[in-house]
Amino acid sequence: MTRIAVTGAAGFIGSKIIEGLNARGFTDILAVDDLTQGDKFKNLAGLKIADYIDADTFYDDFSARQFGKVEAVFHEGACSDTMESNGKFMMANNYGVSKQLFHAAQAQGSRLLYASSAATYGGSDTFKEEPAYEAPLNVYGYSKLLFDQKVRLELGAAFEKAKTQVVGFRYFNVYGPHEQHKGRMASVAYHQFHQFQAEGKVKLFGEYGGYLAGGQMRDFVFIDDVVAVNLWYFDHPNVSGIFNLGSGQAQAFNDVASAVVNTMRVHQGQDALPLSALASQGLIDYIAFPDALRGKYQCYTQADLSALRQSGCQHVFSDVQTGVSQYVRWLAKNS
């Protein structure tokens, strides 16, 4: 039986990867996490795993080969709060343990598929997996970039020195089920759904950065697509590298808000409305862009998928209208 470890297993992406593995019949899964935030257990409750291991002990025990042959590790465990300012804590969590895991995996022939982040690009206006475009704006982005750089340094630019597969995924704006524990770091779609339930409207930033109200654009990627791409690389053990994982198509915050509101309207037996009507009726409410965010806000992100495609992955991604509508229907059913 193939043994697989998933760190951050009770988190958003980790739990959905386990769900995807379960759907393929994989159940010999070591679920690794820190359940200090106890309500995260809900993401694991319906999944089939072989064992749960606390993150405080896993990395040392894995390095000591305590778990037998582990075919692959999906490393999703990290501090993902981009507002966290404690650099010592961030570097220990995101760089230190990742480096230890990387060395141990290479030593014992375990494949490593790990979470990097689009935060490595920071203030760049080009989102391509090359050092020239990497300019993190916070210590979270730096912690992710430093590990990418460490892997490149040890494996070579083309990962030609890898003894076994290593794949880093630079996640863009991921949304979907199982993110409820993330608080302020949950997706725009998640927060807008709850805002609409509570207030009957969704709030968006007004005009800023050369973009019209609600027109700022991000690369929003549905969790099902993230899982599918992770599993594609799991199926192709000879492919290594660092790859963007976004939809490859920037869409406006207006698109997300329209999908949220209209899906809720249809759910309540009302007609969907065009953006102009949603705005004129106050269902989308534009607020002044906050002074505190001026100069610190990304108005545009879009994953360059050239490297992903060249590696052979031709997965077709959901657009916002499709993915957000599916997610809102799930939220309406499960909230």
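The values are calculated or read from the model by the stated rules, or taken from the named source; none is laboratory data. Keep in mind the model is a prediction, meaning the values are calculated, not measured. Methodologically, a virtual Cβ is constructed for each residue, glycine included, from the backbone with ideal geometry; neighbour enumeration extends over all protein chains shown.
Some observations on this one:
- Which numbered condition ASP304 fails, given (1) in a helix (DSSP H, G or I); (2) closer than 29 Å to GLU207 by Cα; (3) charged (D, E, K, R); (4) under 25 Å from the mean Cα position of the chain (by Cα): (1)
- Yes/no for TYR95 being at pLDDT 95 or above, under 24 Å from TRP232 (Cα atoms) and of a type in the set (Phe, Trp, Tyr): no
- The residue that is surrounded by the most Cβ atoms within 10 Å (Cβ to Cβ), counting only those in region 54-75 that are in contact (Cβ under 8 Å) with a residue 12 or more places away in the chain and farther than 27 Å from SER240 by Cα, is ASP54.
- In region 187-202, the condition of being under 30 Å from ASN230 (Cβ atoms) and outside any helix (DSSP H, G or I) is met by at least one residue.
- GLU84 satisfies every condition listed in (1) charged (D, E, K, R); (2) more than 26 Å from ALA228 (Cβ to Cβ); (3) modelled with pLDDT of 95 or more; (4) surrounded by 17 or more Cβ atoms within 10 Å (Cβ to Cβ) except (3).
- Selected residue [within 17 Å of the chain's Cα centre (by Cα), acidic (Asp, Glu) and either modelled with pLDDT of 95 or more or exposed (fewer than 15 other Cβ atoms within 10 Å of the Cβ) (or both)] from ASP148, ASP125: ASP148
- Considering only residues in region 231-253 that are in contact with a Phe, Trp or Tyr (Cβ under 7 Å, 6 or more places away or on another chain) and among the hydrophobic types (A, V, I, L, M, F, W, C), the one that is farthest from LEU155 (Cα to Cα) turns out to be ALA250.
- Count - residues of region 120-171 that are touching an Asp or Glu at 6+ places or on another chain (Cβ under 8 Å) and aromatic (Phe, Trp, Tyr): 3
- Scanning region 35-94 for residues that are charged (D, E, K, R) and part of a helix (DSSP H, G or I) yields ASP39, LYS40, LYS42, ASP56, ASP60, ASP61, LYS88.
- Check on VAL324, under 19 Å from ALA250 (Cβ atoms), out of contact with any Pro (no Cβ under 6 Å at 6 or more places or on another chain), free of Cβ contacts under 8 Å to residues at least 12 places away in the same chain and not charged (D, E, K, R): no
- Looking only at region 278-298, residues that are part of a loop (DSSP other than H, G, I, E, B) and either hydroxyl-bearing (Ser, Thr, Tyr) or under 12 Å from GLY206 (Cα atoms) (or both) come to 4 in all.
- Every residue from region 1-41 that is free of Cβ contacts under 8 Å to residues at least 12 places away in the same chain and within 21 Å of SER80 (Cβ to Cβ): THR36, GLY38
- Residue within region 256-268 that is in a loop (DSSP other than H, G, I, E, B) and more than 21 Å from the chain's Cα centre (by Cα) present: yes
- Selected residue (only one of ALA307, ALA279 is closer than 19 Å to ASN173 by Cα, of a type outside the set (Ser, Thr, Tyr) and in contact with a Gly (Cβ under 9 Å, 6 or more places away or on another chain)): ALA307
- Against the test of being without any contact (Cβ under 8 Å) to a residue 60 or more places away in the chain and under 18 Å from ALA189 (Cα atoms), the options ALA272, ALA277, ALA259 yield a single qualifying residue, ALA272.
- Residue tally, condition in contact with a Phe, Trp or Tyr (Cβ under 7 Å, 6 or more places away or on another chain), surrounded by 13 or more Cβ atoms within 10 Å (Cβ to Cβ) and among the aliphatic types (A, V, I, L, M), over region 274-313: 3
- Some residue of region 209-224 being in a helix (DSSP H, G or I), in contact (Cβ under 8 Å) with a residue 24 or more places away in the chain, more than 15 Å from the chain's Cα centre (by Cα) and on the phi < 0 side of the Ramachandran plot: no
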